[in-house]
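The values are calculated or read from the model by the stated rules, or taken from the named source; none is laboratory data. Just so it is clear, the structure is predicted and the values come from calculations on it, not from any experiment. Cβ placement follows ideal geometry from the backbone for every residue including glycine, while neighbour counts extend to all protein chains displayed. Heads up: the accessible areas ignore ligands, DNA and RNA and are worked out on the full protein's heavy atoms, side chains in. Shrake-Rupley method; radii C 1.70, N 1.55, O 1.52, S 1.80 Å.
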Amino acid sequence: MQGGTFAEVQVGPQAITINRGRGFMVSGLDGSIRGAAEQGLFSRDIRFLSHYRCRINGRKWKLLTSAPLSHVSARFEFTNPALLSPAGPIPKHVLGLTVERAIGDSVHEDLTLVNYRRVPVHLALEVELGVDFADLFEIRRNHPRIRRTVHTHWDDQAQRFTAEYERDGYHPRFTYQLARSDTRARHHGLALLFEITLPPGGRWHTCAHLVPEVDGVPSGAPPDCGQAAVVASEARMAEWRAAVTRIRTSDEGVTHTLRQSTEDLVTLLLDDVPPETPAVLAAGVPWFVALFGRDALIAGLQTLTLNRSFGVGALTELARYQATVSDDFRDADPGKILHELREGELARFGMIPHTPYYGTADATILYPILLHEAYCWMGDRAVLDAYLPVAERCLQWIDTYGDRDGDGFQEYLTRSPRGIKHQGWKDSGDGVVYATGQPVEPPVALCELQGYVYDAKTRMAALYELRGDAARAARLRDEARALCVRFNRAFWLEDEGTYAFGLDAHKDPITSIVSNAGHCLWSGIVPPDRAPRVIARLTADDMWSGWGIRTLSAVHPAFNPFSYQRGAVWPHDNALIAAGCRRYGDVDAAARIARAIFDAAARFQRYRLPELLSGLGRDRLGFPVQYLGVNIPQAWAAGSAFWLLRVLLGLEADAPGGRLYVAPALPHWLSEVQVDNLRVGTARVALRCWREGERSRFEVQDITGPLRVLPAEERAASARS
């Protein structure tokens, strides 16, 4: 402690992960990969490298330090332990080994040895390699391990190691190619062995290309050097930085978080596309490098103020896979939006249903919500015309298949022997519990699903009205109002001042106090007189961790701060709740949630918001505790930063009408926000918002294109008239 202040602590995962596109590499902090751990070089859900480490004279190198340099590159610095060699002892800490690793379509490594002794040294450098071609679902213990016969070959002339596996036309192959090596290697057991003599001050170097390949198609030609992958990645990142909304604030931590979150979203692109192109986001690295319906839709909603590409990408890609028939194994029905799409061996041979799998109760409801919100920000009739039929089929699914028993509520129940038990956003097997702590067996009608349907029908009514279909718009509004009445009668817990988690198979309320009720605020299904009680309950001491709102009350018998969804804190969950608080006029609660999430981000390495953090309470000297196995970066975690800022600025777009409404409510800790290159329709606008005493104000600094920027009060007045 110096000067009465405490040093800031930053925390992060005990792993080094680099990623690009559909490939990623997870290692220990020393760069090694252990097959028994959740580590490896992965591409398209296949682990191509399961064991990897460097040794010197049969001993472990001593790690000095390591760090990712960017999302595509990392560096590891080592020195030697005390060694024996045929030429005599080698004292400790006289040799240096630098490993530079970069991922593009494949992985490039540079290994450099330096002798800091004043005499020559003779040593053996070993590179151990192991390949198992395991499916990601096996690594994550979601499926029993498959016995595989992996064939390996060493080509001494070409200095190339290969491993391959074949099953009924499925043929993954891994190549480890040495290049520009100062010494030729030989194959020795499970390792490649270099016999090296280094003079005083001498240096030794080799390159290695790690190339995954499926069915004869390599992931891409290896770059000439690791810098090529880094340069290409940085060039694409620079394009995106220039295209997105740029934000500066008076709070350094908030500004850093927003910048890092921008980069995190770009790193999650499944395909290397330029800005202004529909961009499909992976859900998260490392374990969710795939298309997920719910995640893509929510991230698309969160980031419309940043760049519309992510929202349009979600609409486009998910429309491609909208179900057309019923399929019990995949939990599919006509009109349903997918949950998860996988490409590995288990999916290919029908051992898991992810081809794609449709076991999600909310993605189909969220699709029309995103379509309407995207149209509000873009005003693009071509996008609306292209995807309105998709949204219409979503509505048909909601009424036909989402309401399983015809009681007017959305329920879920898997039909697949490999299906997901719980199919809301809390989709872990133990995520839905009674107030006693006992697990709830589906079918379940979650509270937030009803809110989403209310919102979806209200928004679709607005779109139909825009297109001149007044009768259909009126019918949908009537259905939404009727649902609101039914919901508030069946789900309201008067004693608690909030909504039930859901209704169980007997239509009895599940009275656990959970964060899901906050999503009902966001959707607007909560009557105005009940909203303050819901907000108060969500921010009470048992729900409030100091780093955000917990998923489950801390006094609940099943509460566990280290559980995935029974007590942890999720940034996206909190951003939705903050939006709900703002919707009902509680700017203080919204700002309190935003402050907690931004504070947490500032204490994670590189200001990266993780998928979730533990639900331990915050104290004056504390720091947020990471969740083991967390995904960083993660799409809807990164997107949360932009939604929280939108909440604080009160931004609402009406691009078809050429209007942007602004209602800043800046808290005392955020005195100024500068927004540049914000796109609304075809226009671009620069805004400055600032706090003046107890009031927040804004000014328009620049507009290019047809747009009027108005106080939000004018929208409310227009709606009343």
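Data table
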item	result
Index of the failed condition, T149 passing every other in (1) closer than 26 Å to L29 by Cβ; (2) surrounded by fewer than 21 Cβ atoms within 10 Å (Cβ to Cβ); (3) under 41 Å from the mean Cα position of the chain (by Cα)	(1)
Yes/no for S523 being among the hydroxyl-bearing types (S, T, Y) and within 20 Å of R566 (Cα to Cα)	no
Sole residue being open to solvent by 70 Å² or more (accessible area, probe 1.4 Å) and more than 29 Å from M351 (Cα to Cα), chosen from D469, D405, D455	D405
Region 29-80, residues that are surrounded by fewer than 18 Cβ atoms within 10 Å (Cβ to Cβ), of a type in the set (G, A, S) and not in a strand (DSSP E or B)	G35, A36, A37, G58
Cβ pairs under 9 Å, 6+ apart, first in region 298-313 and at positive phi, second among the hydroxyl-bearing types (S, T, Y) and outside any helix (DSSP H, G or I)	none
L297 being out of contact with any Ser or Thr (no Cβ under 6 Å at 6 or more places or on another chain) and either under 24 Å from M460 (Cβ atoms) or buried (at least 24 other Cβ atoms within 10 Å of the Cβ) (or both)	yes
Top-ranked residue of region 81-92 - restricted to ones that are at pLDDT 95 or above and open to solvent by 30 Å² or more (accessible area, probe 1.4 Å), ranked as farthest from E128 (Cα to Cα)	P91
Qualifying residue in region 94-117 (condition: acidic (D, E), at pLDDT 95 or above, assigned to a strand (DSSP E or B) and within 30 Å of E166 (Cα to Cα))	yes
Unique residue being over 24 Å from L576 (Cβ atoms) and either at pLDDT below 95 or among the aromatic types (F, W, Y) (or both) when the list is E713, E699, E672	E713
Residues satisfying the stated conditions in region 544-559, i.e. at negative phi and of a type in the set (G, A, S)	S545, S553, A554, A558
Among (1) open to solvent by less than 40 Å² (accessible area, probe 1.4 Å); (2) under 25 Å from L384 (Cα atoms); (3) in contact (Cβ under 8 Å) with a residue 60 or more places away in the chain, the one test that V685 misses	(3)
Some residue of region 430-439 being in contact with a Lys or Arg (Cβ under 9 Å, 6 or more places away or on another chain) and within 16 Å of A480 (Cβ to Cβ)	no
Contacts under 7 angstrom Cβ, first residue in region 49-67 being within 12 Å of F194 (Cα to Cα), partner of a type in the set (G, A, S), 6 or more apart	N57/S85; N57/A124
Residues within region 337-355 that are surrounded by fewer than 24 Cβ atoms within 10 Å (Cβ to Cβ) and within 18 Å of T316 (Cβ to Cβ), tallied	1
Unmet requirement for A242, which otherwise passes all of (1) aliphatic (A, V, I, L, M); (2) farther than 14 Å from A635 by Cα; (3) buried (at least 21 other Cβ atoms within 10 Å of the Cβ)	(3)
All positions within region 245-262 that are surrounded by fewer than 21 Cβ atoms within 10 Å (Cβ to Cβ) and within 17 Å of A638 (Cβ to Cβ)	R246, G253, T255, H256, R259, Q260
Some residue of region 423-438 being farther than 28 Å from C376 by Cβ, among the small types (G, A, S), surrounded by 16 or more Cβ atoms within 10 Å (Cβ to Cβ) and at pLDDT 95 or above	yes
Residue match in region 533-549 (condition: among the acidic types (D, E), open to solvent by less than 20 Å² (accessible area, probe 1.4 Å) and out of contact with any Ser or Thr (no Cβ under 6 Å at 6 or more places or on another chain))	no
Boolean, L63 is modelled with pLDDT under 95 and hydrophobic (A, V, I, L, M, F, W, C)	no
One residue from R160, R145 being among the charged types (D, E, K, R) and at pLDDT 95 or above	R160
Filter result for A361 (among the aliphatic types (A, V, I, L, M) and open to solvent by less than 10 Å² (accessible area, probe 1.4 Å))	yes
Candidate set: region 487-512, residues that are closer than 20 Å to A568 by Cβ and touching a residue at least 60 places away in the same chain (Cβ under 8 Å); chosen: the one surrounded by the fewest Cβ atoms within 10 Å (Cβ to Cβ)	I510
So P13, is it closer than 27 Å to Y607 by Cβ and not hydrophobic (A, V, I, L, M, F, W, C)	yes
Failed item, numbered, when L384 is tested on (1) within 25 Å of the chain's Cα centre (by Cα); (2) surrounded by fewer than 22 Cβ atoms within 10 Å (Cβ to Cβ)	(1)
Boolean, E714 is surrounded by fewer than 17 Cβ atoms within 10 Å (Cβ to Cβ), touching a residue at least 12 places away in the same chain (Cβ under 8 Å) and assigned to a helix (DSSP H, G or I)	yes
Test: residue in region 309-325 that is among the basic types (K, R), surrounded by fewer than 24 Cβ atoms within 10 Å (Cβ to Cβ) and within 21 Å of the chain's Cα centre (by Cα)	no
Sole exception among (1) within 11 Å of the chain's Cα centre (by Cα); (2) open to solvent by less than 20 Å² (accessible area, probe 1.4 Å) for L306, by number	(1)
